């Protein structure tokens, strides 16, 4: 049986109980050949003490010299990894037992693919399945359900989607990378801010295909205290959307891929960024902050030079509301 090494990378910070559950979900995998690389930013020794109770030699623990930040801790984990495949797991998320088995199988059968991805279910602080409402109207059954059914996704399709339509998947716990492709892409970029994982996917997409598995293979923990919930309430540094997009458009491979439709791709890419900025407008409405709403609109007008894009943004908002209120009837993902 061909069992290439998988590196499961867990950057952690002051959450020993969640970390324990994350590690246990790794040790419950049906695929056996993996290492767990934990890089710890914690301000105390609680995580180290908890991990000392595990005797599995596949666990490798590294305490960082102080809190070096999430980006640097993630980059250190990549540097320490040895696997042919790299699987990030956020310290409060969980893996389903067949996650590694199915993702390794997908990448092994599709050598041009550098990314395997799958939808995630959502859980609360007690690991119970939940269906929270995002963006005022939308009930979230999954995180990043890209399509119905397993599928090989060629690089042109997935890159066009990242740039102009939707994010196929960009939560680290929902993806597995081919190690060589991840390392060749370079380190995670602090300038990408909250969207460093999205930035990494968009750096890889012009050069490699992907494979989507329509089965829930991990769980994303959603609580009112989690980082995602917080920034959706207080606002994001939305400049990051434009920074990531322009970086991708500057890649010669992207320009070559879309050379016959370049002007349209650029315009539609900036329009999609402007649509994503509406998340800040929602945060401004919740917080009753005209200042945040005005800052959002000013960023759109500064970063997106197409006036027609500005006029289209309200139509996008209306469409999203209609889709949220009247969602399409789709068969469920495999569990």
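The values are calculated or read from the model by the stated rules, or taken from the named source; none is laboratory data. Keep in mind the model is a prediction, meaning the values are calculated, not measured. So basically every Cβ, Gly included, is an ideal-geometry build from the backbone, and we count neighbours across all protein chains shown.
Table for the structure above
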read-out: Only listed residue being on the phi < 0 side of the Ramachandran plot and either crowded, with 23+ Cβ neighbours inside 10 Å or touching a helix residue (DSSP H, G or I) at 6+ places or on another chain (Cβ under 7 Å) (or both), chosen from 193, 209; value: 209
read-out: Any pair with Cβ under 7 angstrom, 6 or more apart, that starts in region 143-157 at a residue that is farther than 20 Å from residue 203 by Cβ and ends at one that is assigned to a helix (DSSP H, G or I); value: 143/174
read-out: Residue under evaluation residue 170, criteria (1) more than 22 Å from residue 97 (Cβ to Cβ); (2) crowded, with 19+ Cβ neighbours inside 10 Å; (3) at pLDDT 95 or above, criterion not met; value: (3)
read-out: Region 128-146: number of residues that are modelled with pLDDT under 95 and either within 21 Å of residue 257 (Cα to Cα) or assigned to a loop (DSSP other than H, G, I, E, B) (or both); value: 11
read-out: Hey, residue 304 on the phi < 0 side of the Ramachandran plot and surrounded by fewer than 18 Cβ atoms within 10 Å (Cβ to Cβ) or not; value: no
read-out: Of the criteria (1) more than 23 Å from residue 142 (Cβ to Cβ); (2) out of contact with any helix residue (DSSP H, G or I) (no Cβ under 6 Å at 6 or more places or on another chain); (3) surrounded by 11 or more Cβ atoms within 10 Å (Cβ to Cβ), which one residue 323 fails; value: (1)
read-out: Criterion violated by residue 18 - all others in (1) closer than 26 Å to residue 201 by Cβ; (2) assigned to a strand (DSSP E or B) satisfied; value: (2)
read-out: Residue in region 250-263 that is in a helix (DSSP H, G or I) and buried (at least 18 other Cβ atoms within 10 Å of the Cβ) present; value: yes
read-out: Any pair with Cβ under 6 angstrom, 6 or more apart, that starts in region 1-13 at a residue that is within 14 Å of residue 92 (Cβ to Cβ) and not assigned by TED's automatic domain parsing to the domain that holds residue 33 and ends at one that is surrounded by fewer than 24 Cβ atoms within 10 Å (Cβ to Cβ) and at pLDDT below 95; value: none
read-out: Pick from region 279-324, criterion more than 16 Å from residue 241 (Cβ to Cβ) and not in a helix (DSSP H, G or I), ranking: modelled with the lowest pLDDT; value: 288
